[in-house]
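One structure, as structure tokens, below. Some questions next.
The numbers here are math on the coordinates, done by the rules we state, and not lab data. Small disclaimer: the values here were computed from a predicted structure and weren't measured. Please note: Cβ atoms are built from the backbone with ideal geometry, for glycine as well, and neighbour counts cover all protein chains shown.
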Amino acid sequence: MAQNRHGSCTLTPDTDVVRVAQLTDTHLCRAPGGTLLGMDTDHSLQAVIDLVKREREGIDVLLATGDLSDGGAREAYERLQVYFTQLPGMDFWLPGNHDDRAAMESVAATAGRDCLSREIRAGKWQILMLDSQVAGEVGGELGEAEMLFLARALREAAELGLYSLVCLHHHPVPIDCQWLDEQMVADADTLFALLSGFPRVRAVLWGHVHQEIDRQYQGMRLLASPSTCVQFAPGSVGFKADDQPPGYRWLDLHPDGSIETGVSRVWDVAFNVELDSGGYL
Ligand SMILES: [Fe+2]
């Protein structure tokens, strides 16, 4: 692993397939045992990690795509990095609306870790970690600086013949949940206009919506994934929790630019969740 001053990290996978696990929206509270809608988010994260251990033998990259803490507590990020030591591979984080970017940076710097790298290169792939957080807002927006970073990184990847996986927290397309669609990336049109110029971008991957999505758009795969804790009900008008269990997404990034991916959930553990709650924000 090597990092340069631009915050990029180069990994050398064991095989020519880059094996990725995405664990998103962990919503860890300040103290262990804290809950979200009645669910102990430490307990559910550990159950998902146990599932990953059973199902995925090798992992090169762990992607944590935002809402890693529930309230931005430094203690949550400190615990998160300890949880991730149970799994092989390097973990990389990006912020969601529940996160405190300064606390994330402080924990990463104290530990001397590269988990906030913006660009990961592994085999024939480039993975980009974008920041769609708008301070004080629930909804997301990338803004000019992120677009410039993205354009520069994609140009470099194109010159090197790398395929790209673009990650962020908020959803860049409507997902047919009215209350969540009010929070989607505000400048998604600009994002897709930019991506359309780079045919080696193979997928966009996000968190935030706490549900599985797998679509095709402009030749790309659009992917969202369950939270490691509480799920949100697909197709809902107002806030609605779902009884689906915690889970994660795995992705195998092949050297020909193809992607195999799927979602797996913890079915053998009982979790408490307050399904009649009116909201969680
Ligand atoms: Fe979340």
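Using θ = phi - 60° and the Karplus curve 6.51 cos²θ - 1.76 cosθ + 1.60, what whole-Hz ³J(HN,Hα) does each residue of the range 186-194 get, with Gly and Pro shown as x?
Each residue of the range 186-194 in turn: 5, 9, 5, 4, 5, 4, 6, 4, 5 Hz.
Hey, with R₀ at 25 Å, roughly what FRET efficiency would Thr12 and Thr85 work out to, going by the Cβ-Cβ distance, to 0.05?
Given R0 = 25 Å and the Cβ-Cβ separation, E is 0.80.
Another question about this same structure. What spacing in nm lies between the two simple spin-label points modelled at Arg200 and Glu137, each 7 Å away from Cα in the Cβ direction?
Output for this residue pair reads 3.2 nm.
Whats the longest run of the chain with zero GluC sites (Glu not before Pro) that are DSSP loop and have at most 15 other Cβ atoms within 10 Å?
183-273
Please compute the net charge surrounding Pro226, taking Lys and Arg as +1 and Asp and Glu as -1 over other residues with Cβ under 13 Å from its Cβ.
Charge balance in the 13 Å sphere: -4.
When all alpha-carbon pairs of the chain are counted, what percent fall beyond 32 Å?
16
Once phi is turned into θ = phi - 60°, what whole-Hz ³J(HN,Hα) does the Karplus curve with 6.51, -1.76 and 1.60 give for every residue of the range 240-245, x standing for Gly and Pro?
3J(HN,Hα) across the range 240-245, in whole Hz: 8, 6, 10, 8, 5, x.
Taking the Cα centre of the chain as the origin and placing charges on Cβ (Lys, Arg +1; Asp, Glu -1), which of Gly112, Gln133, Pro95 is farthest toward the positive end of the dipole?
Going by the charge dipole, the pick is Gly112.
Roughly what would the spin-label model give for Gln218 and Val237, points 7 Å off Cα along C-beta, in nm?
My value for the distance between the label points is 3.2 nm.
Antiparallel versus total DSSP beta bridges in the range 194-245: what percent is that, nearest 5?
65
For the chain, what's the relative contact order in percent, using C-alpha pairs closer than 8 Å and at least 6 residues apart?
21
Now for a different question. Can you check how the C-alpha radius of gyration of the range 213-281 compares to 2.2 N^0.38 Å, as a plain ratio?
The reported ratio for this selection is 1.36.
A further question follows. Calculate how many DSSP beta bridges within the chain are antiparallel, expressed in % of all such bridges and rounded to the nearest 5.
Taking every DSSP beta bridge with both residues in the chain, the antiparallel ones total about 50 percent.
Which value, in debye to the nearest 20, describes the size of the charge dipole of the chain about its Cα centre when Lys and Arg Cβ atoms bear +1, Asp and Glu Cβ atoms bear -1, and nothing else is charged?
740
Report the local net charge at Ala111: Lys and Arg +1, Asp and Glu -1, summed over other residues whose C-beta lies under 14 Å from its C-beta.
Once all neighbours under 14 Å are counted, the net charge is -2.
Would you kindly derive the ³J(HN,Hα) couplings of the range 56-61 from the backbone phi angles with the Karplus curve 6.51 cos²θ - 1.76 cosθ + 1.60 (θ = phi - 60°), listing them in order in whole Hz, with x for Gly and Pro?
Each residue of the range 56-61 in turn: 10, 5, x, 9, 8, 9 Hz.
With a 10 Å cut-off between alpha carbons and a GNM built on the chain, which of Leu128, Leu205, Leu194 moves the most?
Leu194
Add +1 for every Lys or Arg and -1 for every Asp or Glu among the other residues with Cβ under 10 Å from the Cβ of Val263, and state the total.
Within the 10 Å Cβ shell, the charges total 0.
Placing +1 on the Cβ of each Lys and Arg and -1 on the Cβ of each Asp and Glu in the chain, which of Leu23, Gln86, Pro255 has its Cα farthest towards the positive end of the resulting dipole?
Pro255
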